[in-house]
Each structure stands twice: as structure tokens, then as C-alpha cells.
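For reference, the structure is listed below as C-alpha cells.
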Amino acid sequence: MPSPPLLPHDPDSSAPSSLLPVAAYVRTSTNHQPNSLATQLASIQEYAAAHEMRVARVFMDEGKSGLDMDGRSGLQELLRTAQSGVADFRAILVLDVTRWGRFQNPDESAYYEHLCRRAGIEVIYCAEPFQNDDSPMAAMIRNLKRTMAGESSRELSNKVFAGQCRLVKLGYRQGGPPGFGLRRVMVDCNREPKAILAPGEYKSLQTNRVILTPGPPEEIALVRKIYQDFVKAGMSEADIASALNARGSCTDQGRPWTRGTVHQVLTNEKYIGNNVYNRTSSRLHQRSRRNPQDDWIRCDGAFPEIVSPSVFHEARRIINERSRRLSDSEMLGRLHTLLDRTGFLSGIVIDEQDDMPSSSSYEKRFGGLLRAYQLIGYAPERDYRFVAINRALRAWRPQVAASIATRLRQTTAWIEHDEPTGIITINGEWTISVIIARCLRTSPYRSKWKLRFDSLCHADLIVAVRMDEHNEMARDYYIFPKIDFDVWPSQLAERNAPLIDSYRFDTLQILEDLAKRTYIKEAA
């Protein structure tokens, strides 16, 4: 069904121009709500007409989650326009708090409203029971509504997850491609097959379910040959991938085989009929993480097996044995053998080997690949100037912290600088930490700055010094409070979202203003 005819900047031309100009913001969470945007806008226009307002502009986000700002170009444009100083509207009308967002941190929702109010533009919720004023009661109810909006998403997420876990234990598949040699089958409530689902197809009814079934005979035979080549013939994943590509075979995605795709076939329990779920999770737009096996949800024997369990477990034993912990001398010995065989080393070359630990294992064990190279007497030809730059910036950070402490001591504040940690305590009340954001050139015209917080995040304020393109001097500063760490990105671009760039400063004068003490008599 097509979306309603709603344009981002269509004004309400039927309203008199003497009325107060306002902007409308509307949002839907999915693309399956064709009438919701028009319904929200109609309610907003009705509210505007009753309060002597006219809708001058409309900003919308269709099919966008309210959990965060990612992908919400409508709200981002609204905030930029509101803070530009030349906005053609005096207030923002939103149907209710949930349409503004279901942010998991209610302070984030409040902050975006604060940005608008600081620019002299009020945010008004048309369908909420509280008054749009600054009274304590309205502020309390508004904050409660923000919290309830986020909590509603958490409760729904928990209910959906619990339902998915129950279905997994009953043997039903919960999303994802079936994999090479398998197919998805739609079944009814009695588990009777109805149709095989092609890629991109979904079940037609809410009561239908999906299970896995063996695919074409030629794919089944190829899966079994992969296991036989690995277990019986002793071939590596890379050799198996090369042999498959030589015979013109492709994966279920229509791509050439790689070591990784062969390894996936050899390690996934669905080939012995087991339904395993929750190996990784990323609920509520959080970062994906691997879960311990105790948290996995499983149903053994849910589907017909393609490979016998004995062959599968033998393949797993070989892989686990290959991954056993090696001593430092064994790891360095294998690295030296690889160098003799290839003539050079790199992280990619190491990761392509079946009989060696990964490059990340060398980094963790020896404190970096360069250190491991030095221990076997290898000097890479690659330009490692960035290592020297990072070393110089790490040495520069304590100097920056000391400089800030010196400047703050020139005010009326009492300053304590803990040099080992770099923490600066102001008036015994709040603390500052300094991090250095190195400039990385991604193209002749673009740069990015990576932020590494590590153990510094316990300070009340973080001062991120963004370096220039030569990493020789400070370009500008980002100063942000601990309360906003959850929404802070891991890297900065030249231009960022309004929330992020609102923390940018050309100088550190704001720290002196914050640290300066004012006598009560003088303030009076």
C-alpha cells in the first residue's frame, strides 16, 4: 500500500499567515503503517487550529525506530533548523512523547528538547495530558512519560525475546538465511508443510511458522563432501574452498567460497538438526555481543540432519585442538616458520593460515604485532609512522592535562592534579580527564577522529582534544559530561550530529568559567 501524500516541507496554506507559525514532527516505527503519518498530521493540524497556530513546515521519519537518532534524518534536520537562528517556525508540535522518541535514556530525549528551547522554540505534545509550561508538575509528568516510553520498548523487547525462545525450543526457526544445503519451509500450526520459502519471502500468516529442511540433493552431497575432505582427507578450509571454486560451485549467496564460509559449514549445528538461538545478541540497538554457551537457547533434533553427529563432532574436535593454547615460544616458532615460507608478514597473511593463531592472538599475547615481529627478528618494510605518532600523542596527553591544571589554577578555583592518572579535581567537587583524538585521513578531503575512553570514563567531564590533520597541534575540543557517555560515538567526523557538535569548543575558556568561584556577596 502506498504511503500517504505527505511532504517534509508542505505548509498548511489554508491557514491565515497572521497565526503563529509552527513545525510538525511525525514518525512511524515501521513501513507497515501507511495511514499513521497522515493521522498524526491531522491531529496536529487540529490542535494548531484550536490554538491559533498554522503548520508552516512538516518534518517526518517514516519507518524509523525511536530508540536512538540513527537514520532519523527528519528529526536531525528539525534540530539543525531550530538551532540555525533563521527557523521559520516558533514552536514544534508532536503528537505525543513516544513520537519524539523512545530513548532508553530519558535525559537524551530531554536534551533534544532543551536544544530547541535554548533556541527559543518550544516543543509541544498535542495529545499529552500535561500543560506545555515550565511548572514543576508538568516537568515531572513529562519526564515520567519519557521514562515510560523507553520502558515500553524494553518490556516489548523482553516479551518478544521470551516468545522467540519458546518457539526455538519447539523447533521453529527464528530468522536468518537457511545456509548452504538447507531450505526454509513454511508450516501451519500443525507443523504441516505449506511452501518452501525463496530468499526474501516470508510467512504469510501470523500462525504460520518456519522450519529448516534439507535442500537439493546436489547441495547435500556437497556439504557431506566438505566434512569428508576436512575430517578424513585432512584438507584445510582454505584448500576446500579452492577446490569448490575450481569446480564452479558457489555459496547459497551466489558468491565464491572462502575459508570463512567453509568454516561456517563445519561449525554450525543446524547441519546435524539442532536449532540454536541467542549465540549473539544486540537488543534495543545495542552493540552486538557474543553470549556464553549457557545463555544459548536450543532444541536438539529439531530438523532432519544432513551430516551424522559423529562426523560433525569429529570436525569440531579437530578445530578445537587446532585452537588450543600455545606457549610463547610455540607461537613465535610458527610465526618464524611462516616468515620463512612467505618472505613477509602481515595481519592478513597470519589470519589466512589454518595452522596458526590469529593476528589478534599475537597482539594480545605480545602487546602488538610489531613486538612479535621484533622477537623473531623481522623488520617490516611497511611505513609504521602511525606507531610513532600514537606514541608521541600518548606522551603529549599528560602535558595537556598539566597545562589545563595550570590554567585553572589562575582562576579562583582550588585545583588538584593527579599526574599518574591525569585526573584533575576542581574545588574538590568534580573531575576532568583528557583524551587525545588522533586525526586519520580517510581521503584527500575527509578525516575522522577515533575516541578511546578506556579507564578514563569515571571522570565527570572528558576533554577530547581533536588534533589537526598533521597530528601536531590541537584543532578544537569536545567537552562532554559522564551522563552522556551512552550516546557518545566511538569516532568523530568533520561534521557530526547536532547533539555531538553542541559539545565542540574552539578554546578551553568554558573550563575556566566553570571552575571559577563567585562569592555570594558579589553575586548579590
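The values are calculated or read from the model by the stated rules, or taken from the named source; none is laboratory data. This one's a predicted model, so the numbers in the text were calculated from it and none came from an experiment. Here the Cβ positions follow ideal geometry from the backbone for every residue, glycine too, while neighbour counts run over all protein chains shown.
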Q. Can you tell me how many residues in the stretch 163-189 are without any contact (Cβ under 8 Å) to a residue 60 or more places away in the chain, small (Gly, Ala, Ser) and either part of a loop (DSSP other than H, G, I, E, B) or surrounded by 16 or more Cβ atoms within 10 Å (Cβ to Cβ) (or both)?
A. 2
(Q) I'd like the full set of residues that are acidic (Asp, Glu), more than 19 Å from Glu122 (Cβ to Cβ), free of Cβ contacts under 8 Å to residues at least 60 places away in the same chain and in a loop (DSSP other than H, G, I, E, B), limited to the stretch 24-77. (A) Glu62
Q.
Show me the strands (runs of 3 or more DSSP E) found entirely inside the stretch 409-524 where at least 3 residues are assigned by TED's automatic domain parsing to the domain that holds Gln399 and modelled with pLDDT of 75 or more.
A. 415-418, 423-426, 430-437, 446-450, 461-467, 474-481, 491-493
Q | Options Asp88, Asp10: the member that is at pLDDT 90 or above and assigned to a loop (DSSP other than H, G, I, E, B) | A | Asp88
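Picking from Arg90, Arg146, which residue would you name as being surrounded by 15 or more Cβ atoms within 10 Å (Cβ to Cβ), out of contact with any Lys or Arg (no Cβ under 6 Å at 6 or more places or on another chain) and not assigned by TED's automatic domain parsing to the domain that holds Pro193?
Arg146
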**Q.** Residue that is farthest from Ala198 (Cα to Cα) [pool: residues in the stretch 237-266 that are charged (D, E, K, R) and assigned to a helix (DSSP H, G or I)]
**A.** Asp239
Q) Of these, Gly254, Gly273, which one is at pLDDT 85 or above and surrounded by 12 or more Cβ atoms within 10 Å (Cβ to Cβ)? A) Gly273
Q. Which pairs have Cβ atoms under 7 Å, sit 6 or more apart or on different chains, and link a residue in the stretch 487-505 that is within 18 Å of Arg452 (Cβ to Cβ) to one that is aliphatic (A, V, I, L, M) and surrounded by 14 or more Cβ atoms within 10 Å (Cβ to Cβ)?
A. Val487/Leu499; Pro489/Ile500; Ser490/Leu451; Gln491/Leu451; Leu492/Ala437; Leu492/Leu451; Tyr503/Ile479
Q: Considering each of Ser109, Ser157, Ser135, Ser153 in turn, give the residue that is of a type in the set (Ser, Thr, Tyr) and closer than 24 Å to Thr81 by Cβ.
A: Ser109
(Q) Can you pull out every residue in the stretch 123-147 that is touching a residue at least 24 places away in the same chain (Cβ under 8 Å) and either in contact with an Asp or Glu (Cβ under 9 Å, 6 or more places away or on another chain) or in a helix (DSSP H, G or I) (or both)? (A) Val123, Tyr125, Cys126, Ala127, Glu128, Arg142, Asn143, Lys145, Arg146, Thr147
Q | Residues satisfying the stated conditions in the stretch 98-120, i.e. modelled with pLDDT of 85 or more, surrounded by fewer than 21 Cβ atoms within 10 Å (Cβ to Cβ) and outside any helix (DSSP H, G or I) | A | Ala119, Gly120
